[in-house]
Every structure is written in structure tokens, then in C-alpha cells.
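What follows is a set of notes on a single structure, which appears directly below.
The values are calculated or read from the model by the stated rules, or taken from the named source; none is laboratory data. As the structure is a computational prediction, the values presented were derived from the model and not from experiment. So basically every Cβ, Gly included, is an ideal-geometry build from the backbone, and we count neighbours across all protein chains shown. Note: areas computed on protein heavy atoms with side chains; ligands, DNA, RNA excluded. Shrake-Rupley method; radii C 1.70, N 1.55, O 1.52, S 1.80 Å.
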Amino acid sequence: MKYKIIEFNPKEAPDDFWESYFEFTEANFRYHYPDNSMLNREAVIQRQKANIPNYYVKRWLAFTPEDKIVGWAGFGAITETSSEFKVNKHLCKLNIAVLHDYQRMGIGTSLLKVCVQEALSLNRTVIETGAEHDSGRAFLKKHGAELTIESAENRLELKDVDWTLMQTWVNEGPKRAEGVIIESFYECPEAILNEYCEMFTEALNMQPLGDSEFRSNIDGKLRRQTEQQYRDTGYTNYTLISREKDGKISGLTDFFYDSRDSYKILQNLTGVRPEFRGRGLGKWLKAKMILHIKDTYPDVERIITGNAEANAPMNSINKRMGFKKHKAAESYKFQVEETAKKLGI
Ligand SMILES: CC(C)(COP(=O)(O)OP(=O)(O)OC[C@H]1O[C@@H](n2cnc3c(N)ncnc32)[C@H](O)[C@@H]1OP(=O)(O)O)[C@@H](O)C(=O)NCCC(=O)NCCS
């Protein structure tokens, strides 16, 4: 089958374009996630059009001769404006999807080629990506991507939570970690901005990362830009931190919520600094957070999170909360030069 690949800029897309876009994305979503509620269209358009600070972003669509959209690729690379540039300047990332009925026709490979060309033009040497479907795994293997880490999407149905146990963890918290207090915020208070960014960065980088090469380095400016991006895309981001007697931040947990997809919460990062571990802080933070979710968002039915399979402490807490593995997912990386050679670029 003949197809054409065209760069796509959501900000310039006319209003009547979106119907054909959703025909593609929703068919793809229904195929891969038949049990999930469809994403809110307004939220999708808002996120597609939003500025992504400090990222060079490109997107392409694959069209049939009848102008039906059957494939998509997204490419991103951190720009020099970011505090994360220095440690990740050799990296970029991609995501490719092709409608089930149009797979094995070379469209995915053509989309990979345009991404690799982009990586070469930016002098990036490694492309990182992920897969959670067998077709993607086979495609990445065929093109020589290396597995970097195994992870999973884990889910907690709120109806399954043992609320008495959650209250016990909250009650035990101040007894086991004497003098510690828990504070909350949506936007990080200016007074703790730098310390919080340092802690958040540390927590991101101390997760098991396998052979993934991306490393976080969030400073106050980047945090503020990210908070603006959450506002621009309709997300509420809520954080709990634990502070020691001397004021030092020892742990954190945060989540994302969008009232347009009000049945779910996306649990983000949880971390306790190594010197403060073994005193029930992780359980206290997570239990306090889930009680807050129950009280604040009565429509929420499910909490979704992603964890490395090798993250024993986090998976142990999650399991006791009632999280269950929903789907395996892995991360991969391509060596750009090698891949370009193989693709004949
Ligand atoms: C991954 C994906 C984009 C590939 O799209 P595609 O158009 O089918 O890719 P191609 O036709 O260029 O496939 C290239 C090669 O990958 C391998 N491959 C792709 N899909 C495969 C499958 N389901 N089973 C076995 N091998 C497969 C094959 O070797 C294929 O070559 P061949 O058909 O000549 O044997 C598509 O399967 C998809 O959308 N999957 C879900 C999304 C995803 O997992 N993306 C991960 C990459 S970021």
C-alpha cells in the first residue's frame, strides 16, 4: 500500500482536522486498551497544542492515499535552555504507533527513519523509547533496540483498599518517625523550592533505572515552568512531603488529576532519602495521600502508577495497598549511528 508521511503541527491544525485525528487515535486506543474509558477529546487537543518547555518536539502522521490517518510518530529532545540538558545532551526520545490493520507494511519503519534523521541532525547519539505491546516489542527488537529496564503499569481499584490498614499506617507514622511532620502543596512554596527540587531530582535518580541513560536534574526555574505546563494542560499536581525535626525534607509523594477524566488518578513519584528509610515514612506518605484522594475526589475509582519491576520497596508498599500488575512495559534504547546505518540513512 502507498502511504505518505507528513509533519504535523497541532497548533496550526484547522478545527476540521481533529475529527480524522481522533478517528485514528481512538481506533488505536480501543484496540490496545479495550477496557479503558476513552480519553477526553478536549483534554487531548489541549495537550497536543500546549507548549512543552525546554523540548524540541516534532510529530508526523502517516496517511493512506484516501487521506486516512493510520500512523503517528512523536520525537522529543531536551534543549539547551533546560537544567537537564547537560546530563542528557546525547539523548532524545520517540514514540511510534501504526493502526493494527496497517501494520507490517513498513509504515512503522518509515516513521522510525524520520525520527533517526532528526536525531542525527541534532547530534543525539541515543534514542530512548518504550513498549507495552507485543507488536512494539517485536518491532524494536527487529530494529536492534536494546532492552534497558523492565517495568509495569500497576493499578489500584479504590473499592479494594483496606481503609483500616491505611489509617493504621497514618497513625503509626508520627510514632515511628518522631518529630516528623507532613506538609502539602500544589505549587512548591518559594521558601523550599531549591531544597525540594534537589530532593525530587534525587528521588527520580535513585529509582532503579537499569540501562536507561536519562538522568533528572530539576532546578527551580524548570519546576516553575513545569508547574505552568500542568496548568496549561488541565492537570492538578498535588504533593506531600515529610520534613524532619530540623526542617530537612526526607520524603515525598505526588499525583496528577484531571477533572475531565475524573475516574482516575495518576500516582507519580514516591521517594524517601536513604538516611531516613526504615521508619515507615513511605507508608505514611502513601496512606495519607490515598485518604486525601478518597476525601477530595469522590469520583476517583482507580489509581494508576508505573514502577520498575526491580523496585522492591515500592512494589512491596504498593502490593500491601492493593495495587495489582495490569500490564508489563519495558524501556529500550537505540544507538543512533548504528540504527541509521541499518536503515540505509
Ligand atoms: C511498533 C509498530 C509502530 C510497528 O509498525 P509497523 O508499521 O507494523 O512496522 P513495520 O511494518 O515497519 O515493521 C517492521 C518489522 O518489525 C517487526 N514487527 C513489527 N510488528 C510485528 C509483530 N506484530 N510481530 C512480529 N514482528 C513484528 C517485523 O520484523 C517487521 O518486518 P516484517 O513485517 O518485514 O517482518 C506497531 O506495531 C504499533 O503501533 N505497535 C503498538 C505501539 C508500540 O508498541 N510502539 C512501540 C515503538 S515506540
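Using alpha carbons only, how many degrees (0 to 90, rounded to 10) separate the axis of helix 281-296 from the longest principal axis of the chain? Relative to the chain, helix 281-296 is tipped by roughly 80 degrees. When +1 charges are put on Lys and Arg Cβ atoms and -1 charges on Asp and Glu Cβ atoms, the dipole computed for the range 153-330 relative to its Cα centre reaches about 560 debye. The figure for residue 5 is an accessible area of roughly 50 square angstrom, using a 1.4 Å probe on the protein chains alone.
Straightening the chain between residue 40 and residue 134 buys 31.2 nm, computed as 0.36 nm per residue apart minus the Cα-Cα spacing. Solvent exposure of residue 232, expressed as accessible area, is near 60 Å², computed with a probe of 1.4 Å over the protein chains only. Note on the range 194-263 and the range 60-102: Cα centroid distance 24 Å, given to the nearest whole angstrom.
In the chain, the portion of solvent-accessible area held by carbon and sulfur atoms comes to 49 percent [1.4 Å probe, whole percent, DNA, RNA and ligands not counted]. Shown here for the range 1-77: trypsin sites (Lys or Arg not before Pro) in loop regions (DSSP other than H, G, I, E, B) with at most 16 other Cβ atoms within 10 Å, namely 2, 68. In the chain, the longest principal axis of the Cα atoms and the axis of helix 163-176 are about 60 degrees apart.
Among all the aspartates and glutamates, which ones have a C-alpha under 15 Å from residue 264's C-alpha, if same-chain residues fewer than 8 places away are not counted? Partners within reach: 35, 153, 157, 160, 254, 295, 299, 301. Only lysines eight or more places from residue 68 in sequence, or on another chain, were considered; those with a Cα closer than 29 Å are 2, 4, 11, 49, 58, 93, 113, 141, 142.
Of the GluC sites (Glu not before Pro) found in the range 71-166, the ones in coil according to DSSP and having at most 14 other Cβ atoms within 10 Å of their Cβ are 80. Of the GluC sites (Glu not before Pro) in the range 178-271, the ones in a loop by DSSP (not H, G, I, E or B) with at most 11 other beta carbons within 10 Å are 178. The accessible area of residue 72, taken with all protein chains in place and a 1.4 Å probe, comes to roughly 50 Å².
Counting pairs of alpha carbon atoms under 8 Å apart in space and at least six apart in sequence, what relative contact order in percent does the chain give?
23 percent
Compute the helix-to-body angle for 220-232: its Cα long axis versus the longest principal axis of the chain, expressed 0 to 90° and rounded to tens. Compared with the principal axis, the helix lies near 70 degrees.
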